[in-house]
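K.L.:
Can you keep this structure in mind? I'll have questions shortly.
The values are calculated or read from the model by the stated rules, or taken from the named source; none is laboratory data. It should be emphasised that the depicted structure is a prediction, and the values quoted were computed from it without experimental measurement. As a convention, Cβ positions derive from the backbone with ideal geometry for all residues, glycine included, and neighbour counts pool all protein chains shown. Keep in mind that these areas ignore ligands, DNA and RNA; they rest on the heavy atoms of the full protein, side chains included. Shrake-Rupley method; radii C 1.70, N 1.55, O 1.52, S 1.80 Å.
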Amino acid sequence: MGSVRGAGGRGRAIVSRAFVKEPDGEAVGDDAPELPVSPHPNRVTPRGLALLRAEMEALAERRRTLAAADPVAARLGLLSVERRMRYLTKRIDSAIVQAPGDQRRAQARDRVGFGATVEVLDADGADRRFVIVGEDEADPAQGRISWVSPLAKALMDSEVGDEVQWRRPKGDTTLEIVRIGYDEAGAPASGEG
């Protein structure tokens with residue numbers, strides 16, 4: 001940093017732009033980190049892969065719309081859209097598609113595995129249904145649970161009649177397996193994950 005002396009001996013500091021953190025003009029910075037990618041193998045159902053691809057298509061359309069909008073406002077939206085698109089690209093590229101029908105051939109049909117629809121009775125006698133799916137497809141409110149979740153891990157390899165212990169924050173509970181199915185369509189299930 002230097003100073004320039006003008007008439008009267010007063011100086012003003014000269015600061016190089018190289019040391020200033022703010023973006024110049026219309027530039028918008030992106031300080032947000034990349035979306036974290038799971039360290040687990042990316043097992044997905046065909047439905048899960050279709051959902052990832054549909055979201056990618058919707059984001060590509062959103063990116064085209066934003067690119068035509070106000071430059072500064074659009075850049076902020078574009079950063080978020082492009083970050084999500086990078087995440088989806090990684091997930092689609094690493095997808096290991098496993099159809100529920102494939103699971104039947106890979107293991108006994110009467111055991112819980114990836115893609116299974118599992119009906120259980122909880123300790124209170126309530127009937128609940130869960131579908132074991134990939135991480136990105138998981139939607140606990142719809143009974144779709146990630147294959148790496150504590151509940152799915154408790155259910156895996158169980159047979160009808162088995163009782164499993166589900167360890168959860170609000171307290172452990174026992175679930176009895178009453179039905180196991182491998183629905184090709186992956187129909188939505190109900191229950192809590």
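K.L.:
Hey, does segment 79-100 have a residue that's more than 22 Å from residue 134 (Cβ to Cβ), open to solvent by 50 Å² or more (accessible area, probe 1.4 Å) and among the aliphatic types (A, V, I, L, M)?
P.N.:
Looking for residues that are more than 22 Å from residue 134 (Cβ to Cβ), open to solvent by 50 Å² or more (accessible area, probe 1.4 Å) and among the aliphatic types (A, V, I, L, M), one finds none in segment 79-100, hence no.
K.L.:
Sticking with this structure for a sec: Only one of these is surrounded by 12 or more Cβ atoms within 10 Å (Cβ to Cβ) and of a type in the set (A, V, I, L, M, F, W, C): 32, 54, 126, 69. Name it.
P.N.:
Answer to the selection: 69.
K.L.:
Additional query: For segment 124-148, which residues satisfy the criterion of being of a type outside the set (Asp, Glu) and in contact with a helix residue (DSSP H, G or I) (Cβ under 8 Å, 6 or more places away or on another chain)?
P.N.:
Answer for segment 124-148, where residues must be of a type outside the set (Asp, Glu) and in contact with a helix residue (DSSP H, G or I) (Cβ under 8 Å, 6 or more places away or on another chain): 130, 132, 133, 134, 144, 145, 146, 147, 148.
K.L.:
For the subset of segment 122-131 comprising residues that are free of Cβ contacts under 8 Å to residues at least 60 places away in the same chain and in contact with a Lys or Arg (Cβ under 8 Å, 6 or more places away or on another chain), which member is nearest to residue 152 (Cα to Cα)?
P.N.:
Step by step, filter segment 122-131, then rank; the result is 131.
K.L.:
Filter segment 44-69 down to the residues that are of a type in the set (S, T, N, Q) and touching a strand residue (DSSP E or B) at 6+ places or on another chain (Cβ under 8 Å) and list them by number.
P.N.:
Within segment 44-69, just 45 meets the criteria.
K.L.:
Name the residues in segment 160-173 that are closer than 23 Å to residue 43 by Cβ and at pLDDT below 95, would you?
P.N.:
Result: 166, 167, 168.
K.L.:
Let me ask you something else. Where the second residue is open to solvent by 60 Å² or more (accessible area, probe 1.4 Å) and not in a loop (DSSP other than H, G, I, E, B) and the first is more than 21 Å from residue 37 (Cα to Cα) and among the hydrophobic types (A, V, I, L, M, F, W, C) and lies in segment 67-89, which pairs have Cβ atoms under 7 Å and are six or more apart or on separate chains?
P.N.:
Filtered contacts from segment 67-89: 74/67.
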